[in-house]
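Student: Take this structure, written in structure tokens, and hold onto it; I'll ask about it next.
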Amino acid sequence: GGGGGGGGHMRTRRAALLPLTLLLPAAVVTAAALVAAAPAPADSQESMTSWTADVQLINAFLVFFLQIGFVSLETGYSRAKNVKNILLKNIVNVLLCTLCWWSVGYAIATGNSAHGFMGGTAQGSLFFVQDIVMGNKSWLFTFTFALATTSVVSGCLAERTNLMTYPLVAILMTMWIHPVVAFWVWHPDSWLYGVSQCKFLDFAGGTVVHVIGGTAGLVGAWLCGPRLGRFEEGRAKAMPGHNVSQVAIGTIFMWFGWFGFNCGSVYSTPSGMEHTLIGSGQTADRIALCMCLSGAGGGLTCLLVTSVLAGTFDVCLMCNGILAGLVAATSTCGLVPPWAALVAGVVAGAGYLGMSRSMLYFQIDDPLDSASIHLGAGALGTLLNGFFAKPEYVEMFQGQPTACGGVAFTTERGGLQIGMQLLGMVVCLAWSATFSLALLLPLKLTGRLRVDQTTELAGIDNVEHGGPAYPEFSIVCSPDGQEA
């Protein structure tokens with residue numbers, strides 16, 4: 001009787017907390033709407049920069065909210081015996097990325113050019129930042145991009161890597177791999193920015209965040225090898241996660257945070273042309289529309305294709321398709337018209353399914369399909385700018401008149417634009433792959449990349465984190481390593 005009463009009180013407390021949980025995102029959205037709706041201050045550059053900074057900060061808060069989605073997705077896709085490990089490494093990721101971006105990463109990504117290769121020279125104050133000199137590159141906004149890039153890698157390495165592996169990845173990604181690529185793609189004095197009159201187009205990080213993170217994750221998943229029991233006699237064996245509801249909720253949380261990613265990038269263009277975008281709610285609204293269309297196209301494509309092939313409606317694959325569409329939109333949403341955004345989402349959803357099946361064919365185990373979602377859809381979105389980028393949107397993004405854009409709108413330089421998209425994507429991908437391999441291969445050769453077999457079978461939580469995340473349940477492993 002007493003136990004039942006305690007359970008009733010617990011349920012009552014949880015029910016009381018539910019409205020507060022729902023009010024948090026609502027409050028953030030309301031604040032963002034109020035700021036966006038407010039009239040721009042007087043026509044001075046100083047006041048405009050201040051107004052832009054306020055909008056960027058609110059969008060940075062939204063991007064940071066992506067971390068809730070990342071944690072929810074990864075724990076949902078993982079088995080119950082590894083939940084504490086997933087939670088720990090994702091929170092440690094935030095801690096380490098904060099220190100690394102403050103001390104080094106921000107300066108490399110946004111500082112004065114050092115021969116077009118990286119930032120930092122002549123702006124030593126950007127290292128170990130003390131005073132923020134607000135231009136169009138907020139410390140917090142750029143930090144959330146670096147944090148998201150590192151979080152992408154986590155899913156690929158889930159459930160079998162040594163506890164120290166991921167912190168090392170986070171440090172390298174935040175201090176070197178991501179900031180250098182961010183400088184190449186978005187700094188007006190970088191070597192890539194000066195290659196051609198037609199610039200490499202990546203509106204909000206399809207390559208800088210998703211391709212880079214997905215590439216590092218793919219390298220890690222390949223070197224780690226599959227989880228025990230994932231492949232038997234050359235065939236993939238299902239290893240479903242323990243909580244599908246967390247997968248679905250995490251997807252919606254990520255969609256919510258993604259609005260900060262893409263709409264916030266309106267106020268952080270490479271050219272710094274805030275005056276062409278300030279108060280342009282119509283531009284931000286178009287970007288949000290394109291993003292939603294891409295997500296819808298990707299999700300519906302995966303749902304319908306898998307229902308035809310498998311005869312069932314798979315909610316997890318639908319959620320992955322939504323994420324693939326949103327990843328593609330990260331490159332394209334500010335540069336293409338709405339109909340092209342829908343096409344990009346459909347292509348990204350189909351591309352995700354194709355890459356996911358290819359990974360299984362080559363027996364590369366990616367528990368969350370992170371590489372297929374982020375690398376696959378990110379690469380496709382980047383390339384689709386060469387086909388569907390509208391010249392007038394490109395001009396707004398670059399801040400100078402050009403005849404560049406996708407081949408669907410211009411025959412004069414459409415081929416050159418496709419070439420630039422290929423060049424930029426391949427160079428950035430190779431950069432990430434090279435340094436990821438340089439870090440992870442020595443760990444593999446010295447036996448420090450992966451946990452031992454006993455730890456993997458028992459669950460990392462039980463061996464390294466003091467016990468299971470759900471102590472009410474007892475998980476017993478059979479001799480072949482499968483949960484019974």
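The values are calculated or read from the model by the stated rules, or taken from the named source; none is laboratory data. In this text, all values refer to a predicted model and were calculated from it rather than measured experimentally. For neighbour counting, all protein chains shown are included, and Cβ atoms are generated from backbone atoms with ideal geometry for every residue, glycine included. Remember, those area values only see protein heavy atoms, side chains included, never the ligands or the DNA or RNA. Shrake-Rupley method; radii C 1.70, N 1.55, O 1.52, S 1.80 Å.
Student: Compute the separation of the alpha-carbon centres of the stretch 380-415 and the stretch 427-441 and state it in Å as a whole number.
Tutor: 29
Student: Ignoring ligands, DNA and RNA, what percent of the 1.4 Å accessible area of the stretch 183-267 is carbon and sulfur? Before the final figure, lay out each step's value.
Tutor: On the way: 1690 of 2770 Å².
Reported share for carbon and sulfur atoms: 61 percent.
Student: Determine the distance separating the Cα centre of the stretch 161-212 from the Cα centre of the stretch 313-378; give it in Å without decimals.
Tutor: For the stretch 161-212 versus the stretch 313-378, the Cα centre distance is 20 Å.
Student: Moving to a separate point now. Compare D365, D452, D131 by solvent-accessible area with a 1.4 Å probe and give them largest first, with all protein chains kept in place. If you can, show how the numbers build up before the last one.
Tutor: Numbers: D365 0, D452 85, D131 115 Å².
So the residues, ranked largest to smallest area, are D131, D452, D365.
Student: Taking the Cα centre of the stretch 188-237 as the origin, how large is its charge dipole in debye, to the nearest 20, when only Lys and Arg (+1) and Asp and Glu (-1) carry charge on their Cβ atoms?
Tutor: Working: 5 positive and 4 negative charges, 52 e Å.
Computed about the Cα centre, the dipole is about 240 debye.
Student: With every protein chain left in place, what is the accessible area per residue of the stretch 279-349 in square angstrom, probe 1.4 Å? Don't skip to the end; give the middle numbers.
Tutor: Values: 2400 Å² over 71 residues.
Averaged over the residues of the stretch 279-349, the accessible area is 34 Å².
Student: Which semi-axis lengths, in whole Å and largest first, follow from the square roots of five times the eigenvalues of the Cα gyration tensor of the stretch 375-469? Show your work: numbers first, answer last.
Tutor: Details: eigenvalues 434, 51, 23 Å².
Taking √(5λ) for each Cα gyration eigenvalue gives 47, 16, 11 Å.
Student: Turning to a different aspect of this structure: What figure in square angstrom, to the nearest 10, would you give for the accessible area of M425 with a 1.4 Å probe?
Tutor: 20
Student: While we're here: For the stretch 50-119 and the stretch 137-155, what is the separation of their C-alpha centers, rounded to whole Å?
Tutor: 3
Student: Counting only protein chains, not ligands or nucleic acids, how are E74, E392 ordered by accessible area (probe 1.4 Å), most first? Display every interim value, and only then the final one.
Tutor: Values: E74 5, E392 110 Å².
Sorted descending by solvent-accessible area, the residues read E392, E74.
Student: On a 1.4 Å probe surface of the protein chains, which of W339, W101 comes out largest in accessible area, and what is the full order?
Tutor: In descending accessible area the options line up as W339, W101.
Student: Let me check I have the definition right: for the stretch 121-237, take the eigenvalues of the Cα gyration tensor, multiply each by 5, take square roots. What are those semi-axes in whole Å, largest first? Don't skip to the end; give the middle numbers.
Tutor: On the way: eigenvalues 225, 66, 22 Å².
Each semi-axis is the square root of five times an eigenvalue, giving 34, 18, 11 Å.
Student: Also, I was wondering about something else. How big is the stretch 178-235 on each of its three principal axes, counting only the C-alpha atoms and giving the largest first in Å?
Tutor: Each principal axis gives a Cα extent; for the stretch 178-235 these are 53, 19, 18 Å.
Student: Share of the stretch 283-352's accessible area from carbon and sulfur, percent, 1.4 Å?
Tutor: Details: 1770 of 2200 Å².
Here carbon and sulfur together make up 80 percent of the probe-accessible area.
Student: Just going by the charge dipole of the stretch 373-476, with Lys and Arg at +1 and Asp and Glu at -1 on Cβ, which of M425, L380, L439 is farthest out on the positive end?
Tutor: The residue sitting farthest along the positive end of the dipole is M425.
Student: Roughly how many Å² is the accessible area per residue of the stretch 351-472, as a whole number, for a 1.4 Å probe? Could you put the intermediate results ahead of the total?
Tutor: Details: 5380 Å² over 122 residues.
Heavy-atom accessible area per residue stands at 44 Å².
Student: Moving to a separate point now. What would the Debye formula give as log10 I(q)/I(0) at q = 0.10, 0.14, 0.22 Å⁻¹ for the alpha-carbon point model of the stretch 70-190, no solvent?
Tutor: With one equal scatterer per Cα and no solvent, log10 I(q)/I(0) is -0.33, -0.59, -1.12.
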